Structures are given as C-alpha cells and as structure tokens.
Amino acid sequence: MHFTGRTWRPPYEASSFIVQVTSGCTHNKCSFCSLYKNECFRMSPLEEFKEDLAELASYQPTARRIFLTGANPFVMSYENLAERALLIHDYLVECQTIAMFSSIRDIKNKKVWQLRRLRSLGINGISIGTESGDNSTLLLANKGYTAKDLIEQCRKLDEAGMEYYFVYMTGLAGKENSYRNAVNSAKVFSKVNPRFISVDSLTLFPDTELYRMAQERKFIPAGEKERLEELQTFIKHLQIRTHLFANSVSNFYPTTAFLPKERDRIISELQYIIDTVSEEEMQEYRRNLHTLG
C-alpha cells in the first residue's frame, strides 16, 4: 500500500479500511495544528490508487467501508471524486460507504446535484474539522471560513442527504472567551444536522502558531475547569438530536451522550469532575499529553 507522510483517521473510523487518495492539507494554516506542516499536498495518481485497491481486494474482498486518507480529500473535484468512487466499486464490490475528511471550504465548489450523485456512489460520512461556530474563534484558528459559510455549505449536504460529522474544540477561544464560543457554536451547529459531534480539547504543541502566541502572551489558554464548563454550556445550548463523543485522549474526562436525551446526565457528570478534581491535576494531565494519536 502507498502511504505518504502522516496517515490520520478519526477514532470512529477504526474499523474502516484505509486507502490513500491524498496526502497533506490544501489549507495547512490552522493556528493550532501541526499535523501536516512539513507536507505538500499530493493527490495519489490513478495507477497508484488502483494498485492499492487491488492489494486491498486481494486480502479483504468483502470490505464494506473505506476511509480515504489525507487532511481533506473532499477538496477534489466532483469528477475526480466520482471517478475514484467508481474505481472503488470495481475492485471492492461489497463496499457500501466511502468516508473521508473535508473542510467547509471544500464543499463550496460542489453543487447540490453533484453532492447527491456522489452520495449515490457511496460517498457518505464526511468528517469536518469545524472546531467552532463562533466567528472570532474561527478567525483566531485561521480556519478560512465563517459561521455563515458553515451553515450554507452544510445545508447543501443536508439537501443532498449526505451524512457528516463535526468536531468541536474546547479551549480554542482562549481564557474567558469559552462561554461566548460555546453559545455561538451551539447556535450555529443547531442550524444544520451533523450526525454526531466529536469533542476535542485544545492542546498546544510547540510547532504551531497558537503556541507561539501563547509564549508571547498574545493568547492566554483557558484553564481545564473552564473547558469543562465550556462543554457544559455547549451541550446546554445545542438544539439538535445528535450523538456527542467527548472521549478522545485530549479530553481530561472522556464521556459520550445521546442528545438531547442524555443532556442532564452528562452535564451532571461534568459538574462532578469540576467539583471533585483540582485544576492542578487536570493541568498535569495536559502537560503530559505529547501526542493525540
């Protein structure tokens, strides 16, 4: 199999079969991220892609879900995505779903009819690193789009019947900005229909712009208890039916919940941690977190 640079997939894609279709990130400017800093964006040549599909088919011919790697393979044109999807079905006849990462920016150049067609070809389960729905936080994170863009593009996915997932990042807005970020993000996310929301908590790594800003005191990180309170606020203000996963290693207290059914239960759990665990213990956990893998 051909794998170039970092190969990264969400925890919930652990049982999916991975095939490289791109490597690197077309944006590569998010202030908190260093995952693809030293990689140029590359699209796998068709012959290389076919070789990988043939190899996968030789040992796993009944693969039903494929996850295409790269920071944002959905940036590819409609025609290119359709061609790759058809090739997957040629080699893996039992494949039902083709999932991948996308940015909000990558949806803009696709019409609803094209999204419907891609959905009919099995492309479904789009993981979108939204991180926030608050314009000030999106600007700080240098995401390259606004809350209005997020709503407009995800409503196109909704209209096309394409399933998608969000990421929300606590702590990203910085100290004393968490409440604003949570409320505004919940309002924006509630205008669309993510199948589930995966929650991470900001961890500053040395080779990021946000880390440099923190060193220069231009960015003050939120405390750990503030982050848990932010998550509580976010959950309280969400007005959609969704599944929330806050169980990645970046979260001091891992938990999941079906919302709104389990809203009170998860808010109570988080409050118990806030009340019984010291800020120092939580910060020690953060300092010892050297990788999110």
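The values are calculated or read from the model by the stated rules, or taken from the named source; none is laboratory data. Because the structure is a prediction, the values reported are computed rather than measured. Note that we place each Cβ from the backbone using ideal geometry, even for glycine, and neighbour counts take in every protein chain shown.
Restricting to the range 63-89, what's the tally of residues that are surrounded by fewer than 14 Cβ atoms within 10 Å (Cβ to Cβ) and in contact with a Leu (Cβ under 8 Å, 6 or more places away or on another chain)?
Total satisfying the criteria: 1.
What's the total number of residues in the range 108-150 that are surrounded by 21 or more Cβ atoms within 10 Å (Cβ to Cβ) and within 15 Å of S31 (Cα to Cα)?
9
Can you pull out the residues in the range 248-277 that are exposed (fewer than 15 other Cβ atoms within 10 Å of the Cβ) and assigned to a loop (DSSP other than H, G, I, E, B)?
Answer for the range 248-277, where residues must be exposed (fewer than 15 other Cβ atoms within 10 Å of the Cβ) and assigned to a loop (DSSP other than H, G, I, E, B): P254, P260, K261.
Restricting to the range 43-57, and then to whatever is exposed (fewer than 14 other Cβ atoms within 10 Å of the Cβ) and in contact (Cβ under 8 Å) with a residue 24 or more places away in the chain, can you tell me which residue is nearest to the chain's Cα centre (by Cα)?
My answer is L46.
Of everything in the range 205-219, what is more than 17 Å from L139 (Cα to Cα) and either in a loop (DSSP other than H, G, I, E, B) or touching a strand residue (DSSP E or B) at 6+ places or on another chain (Cβ under 7 Å) (or both)? Give them in sequence order.
Passing the criteria: F205, P206, D207, E216, R217.
Just need a number here: residues in the range 47-94 that are touching a Cys at 6+ places or on another chain (Cβ under 8 Å) and modelled with pLDDT of 95 or more.
Residues in the range 47-94 being touching a Cys at 6+ places or on another chain (Cβ under 8 Å) and modelled with pLDDT of 95 or more: 7 in total.
So which helices (runs of 4 or more DSSP H) are wholly in the range 106-164 and hold at least 3 residues that are over 24 Å from A82 (Cβ atoms) and not charged (D, E, K, R)?
Per the criteria, 135-140, 147-160.
Condition first: assigned to a loop (DSSP other than H, G, I, E, B) and farther than 29 Å from Y168 by Cβ. Can you find one or more residues in the range 68-76 that meet it?
no
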